[in-house]
1. Could you compute the net charge surrounding PHE36? Neighbours are other residues with a C-beta less than 11 Å from the C-beta of PHE36; K and R count +1, D and E count -1.
2. Using modelled backbone amide H atoms (1.01 Å from N, in-plane), which distant-in-sequence or interchain residues come within less than 5 Å of VAL236's amide H?
3. If the viscosity is 1.306 mPa s and the temperature 10 °C, what Stokes-Einstein diffusion coefficient in µm²/s follows for region 253-319 when Rh is the Kirkwood radius over Cα pairs?
4. For the chain, which span is the longest to avoid every loop-located (per DSSP) member of GluC sites (Glu not before Pro) having at most 12 other Cβ atoms inside 10 Å?
5. Determine by what factor the alpha-carbon radius of gyration of region 166-208 differs from 2.2 N^0.38 Å, reporting the quotient.
6. Could you bin all the Cα-Cα distances of region 1-156 into 10 Å bins starting at 0 and give me the percent of pairs in each, rounded to whole numbers?
7. Antiparallel DSSP bridges in region 69-319: what percent, to the nearest 5?
8. What helices in the chain pass both tests, a Cα length along the helix axis of 20 Å or more and a mean Kyte hydropathy of -1.0 or higher, using whole DSSP H runs?
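The numbers here are math on the coordinates, done by the rules we state, and not lab data. What you are looking at is a predicted structure, and each value in this text was computed from that prediction instead of being measured. Note: ideal-geometry Cβ built from the backbone for every residue, glycine included; neighbour counts use all protein chains shown.
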Amino acid sequence: MDFSGSLRAVEAGATYVAGGVNSGYRTGVRPNPLVFTSASGCTLVDVDGNILTDYFLGMGPMLLGHSPKEVIDAAKAQLDVSLLVAGQTLAEYKAARLVTEMLPGAELVRFASSGSEAVQVAFRVARAATKRWKMIKFEGHYHGWFDNVYWSVAPDPTTAGDALSPIPVAGTQGQESGENLVVLPWNNIQVIEDQLKNGDIAGIIMEPIMFNSGGILPLPGYLEKVRELCTKYGTVLIFDEVITGFRVSAGGAQGVLGVTPDLTILGKALANGFAVAAIVGKKEFMNLVGEGKVMHGGTYNTQSVSMAATVATLEMIKSGKPHATIEVTGSALMKGLAAEFTSAGVMHEIVGYPSVFNVRFDLHAPTDYRSGIKANRERYGNFAFEMLKSGIRILPRGTWFLSSAHEAVDIDKTLSCVRDVLKAGI
Ligand SMILES: Cc1ncc(COP(=O)(O)O)c(C=O)c1O
């Protein structure tokens with residue numbers, strides 16, 4: 001496949017758009033950033049006319065695929081009614097009610113427009129509730145790109161200090177100091193207890209399943225113990241379920257793993273491609289926002305079309321049908337991939353759920369960021385690039401997102417490409 005039309009379009013676009021892309025994560029990809037003309041089902045079409053089976057799914061949101069009729073019909077109908085009213089619509093109450101019915105930790109909801117900003121509200125709430133300032137985050141976990149939390153997302157361990165007490169590493173130039181952030185290795189209870197004992201930690205934020213830096217599950221009992229310690233020391237536990245919420249299950253990762261945080265950050269699959277995120281949680285914390293003690297604003301919060309799409313998306317997810325479909329196709333894909341890698345003699349590990357899983361090469365059972373990056377990421381990146389050239393778009397970092405629009409025929413096509421790519425050698 002030829003991607004040179006995309007390259008030319010990005011280079012021409014760079015006359016007007018800084019770097020030719022509108023997110024730092026869309027640059028530095030092989031062979032070059034792609035420019036798309038349309039998307040439907042689980043398929044993307046680019047300016048070169050390539051038709052790609054898509055496992056990026058917009059970086060996760062498109063759980064129902066690129067063109068779910070119910071969501072698009074709801075959005076289209078709303079376009080004729082209102083766009084932005086600087087007030088409330090009934091749809092936002094319906095959407096919020098659905099969230100509270102589906103997610104164990106959601107007693108009250110506040111909608112936002114991106115996961116990154118919803119994280120900021122959670123930090124404020126944790127600090128206001130505890131009158132403490134420090135927050136704990138974990139090496140390799142991603143919680144958006146804002147100054148106070150964009151630390152140690154993908155640090156070079158050789159310059160990031162001791163494994164048990166990492167030095168926070170800034171993610172970008174121009175970033176303000178992270179003086180109130182404590183960075184710890186994940187899946188280690190002792191380091192958390194040592195910090196909480198000091199009595200100055202307002203909150204702990206984590207991805208309950210680590211999908212941003214290789215798929216790593218919480219060790220048995222880890223989340224339960226963190227929950228227990230947070231309760232004991234009066235620290236607010238925040239699950240960042242921007243990836244896992246409504247995707248791993250209708251009740252998110254917390255629904256599957258059985259541990260309920262104080263606050264949860266939602267985004268992505270919440271609105272199947274519309275710019276909707278949320279902070280949700282227990283009443284005692286969310287009331288700080290409700291009573292105006294903690295400020296949370298946003299011109300575009302609960303924009304009418306987005307809310308219509310959110311209601312339609314959540315109703316679909318709540319019906320159970322999308323996850324039932326993905327359970328079949330995703331499981332077949334996970335099983336099929338394992339079989340192909342095994343028969344090609346590629347040491348591999350597949351971790352996660354049919355709706356989102358991670359594949360790594362040449363490493364078994366890492367438990368945190370530093371052990372996870374020992375996987376053969378270069379080899380996997382080569383594999384992802386060869387797959388792209390065969391018409392299958394997978395993330396070079398190893399994450400696969402499934403949608404209910406992927407059908408058995410798409411899985412078969414994908415596995416046949418995997419076979420060919422492995423035969424040719426990676
Ligand atoms: C776990 C997690 N938290 C937060 C974010 C930030 O969300 P957004 O890109 O909507 O700002 C992301 C984005 O990928 C994410 O994966």
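1. On the way: positive: ARG393; negative: ASP46, ASP48, ASP54.
Surrounding charge for PHE36 is -2.
2. GLY203, ILE204
3. For the chosen part, D equals 118 µm²/s.
4. Numbers: sites that count: GLU176, GLU179, GLU291.
With GluC sites (Glu not before Pro) excluded where exposed in loops, the chain gives 1-175 as its longest stretch.
5. On the way: Rg = 11.9 Å, N = 43, 2.2 N^0.38 = 9.2 Å.
Taking the Cα Rg and dividing by 2.2 N^0.38 Å, one obtains 1.29.
6. 8, 23, 31, 27, 10, 1
7. Of all bridge pairs located within region 69-319, approximately 45 percent are antiparallel.
8. Working: long enough: 115-130 (23 Å, 0.41); 304-319 (23 Å, 0.92); 321-343 (33 Å, 0.18); 408-424 (24 Å, 0.38).
Helices passing the filter in the chain: 115-130, 304-319, 321-343, 408-424.
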